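Shown next, in structure tokens, is the structure this report addresses.
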Amino acid sequence: MAKPNLCNSVTQSRYGARWDQFYRGFDQDGKALPLWDVSAQLAAAQDYSLFKEQFVPSLPLIDVGCGTGRQTAFLAEKFQRVIGLDVSARALEIAREAYDHPGLAFTLLSDSAAQFRQLHRELGDCNIYI
């Protein structure tokens, strides 16, 4: 399954650079993470129980603002294809190092609506998790 290639020519925004700086302050080994980076059982698992009836299981799921990918990885166990989007390249590095699952991809999110149009052209309709 080909992974979307959305951001090769997209430059990162100042906003993304600030998030990179933030994530550089945390350990790669996961000993120190942002306070919202909790176990999936405390976040995405509970959310999933609420939205699973509304989502179409055969469609890809896009996790907007995926951070270090903990919740995204949980969702990859429920959907065949999951794409985590984040403005922080550093957070995505952490996510890619921590989670390797078939159908799971992490992509840099630009501040451009064109990226979402491109994503829709590549994937079609999707479930969205924020």
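The values are calculated or read from the model by the stated rules, or taken from the named source; none is laboratory data. As the structure is a computational prediction, the values presented were derived from the model and not from experiment. Heads up, the Cβs are rebuilt from the backbone with ideal geometry, glycines too, and the neighbour counts pull from every protein chain shown. Accessible surface areas use protein heavy atoms only, side chains included; no ligands, DNA or RNA. Shrake-Rupley method; radii C 1.70, N 1.55, O 1.52, S 1.80 Å.
Here are the numbers:
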quantity: Candidate set from the stretch 116-130 (those that are touching a Leu at 6+ places or on another chain (Cβ under 7 Å) and part of a loop (DSSP other than H, G, I, E, B)); member that is farthest from Ile83 (Cα to Cα); calculated: Asp125
quantity: Of residues in the stretch 42-57 being assigned to a helix (DSSP H, G or I) and free of Cβ contacts under 8 Å to residues at least 24 places away in the same chain, the one nearest to Asp20 (Cα to Cα); calculated: Leu42
quantity: Selected residue (criterion: modelled with the lowest pLDDT) from residues of the stretch 93-112 that are over 14 Å from the mean Cα position of the chain (by Cα) and open to solvent by 60 Å² or more (accessible area, probe 1.4 Å); calculated: Asp111
quantity: Test result for Leu61, open to solvent by less than 20 Å² (accessible area, probe 1.4 Å), under 25 Å from Tyr15 (Cα atoms) and hydrophobic (A, V, I, L, M, F, W, C); calculated: yes
quantity: Selected residue [hydroxyl-bearing (Ser, Thr, Tyr) and modelled with pLDDT under 80] from Ser58, Ser39, Ser13; calculated: Ser13
quantity: The one condition in (1) on the phi > 0 side of the Ramachandran plot; (2) over 13 Å from the mean Cα position of the chain (by Cα) that Asp47 fails to fulfil; calculated: (1)
quantity: Contacts under 8 angstrom Cβ, first residue in the stretch 91-116 being on the phi > 0 side of the Ramachandran plot, partner in a helix (DSSP H, G or I), 6 or more apart; calculated: Gly103/Ala76
quantity: The stretch 58-67: number of residues that are over 25 Å from Gln21 (Cα atoms) and in a loop (DSSP other than H, G, I, E, B); calculated: 3
quantity: Count of the stretch 41-68 residues which are within 21 Å of Glu93 (Cα to Cα) and not aliphatic (A, V, I, L, M); calculated: 5
quantity: Sole residue being of a type in the set (D, E, K, R), over 27 Å from Ala17 (Cα atoms) and surrounded by 17 or more Cβ atoms within 10 Å (Cβ to Cβ), chosen from Arg81, Arg121, Arg90, Arg70; calculated: Arg81
quantity: Complete set of residues in the stretch 95-115 that are over 21 Å from Asp47 (Cβ atoms), assigned to a helix (DSSP H, G or I) and hydrophobic (A, V, I, L, M, F, W, C); calculated: Ala113, Ala114
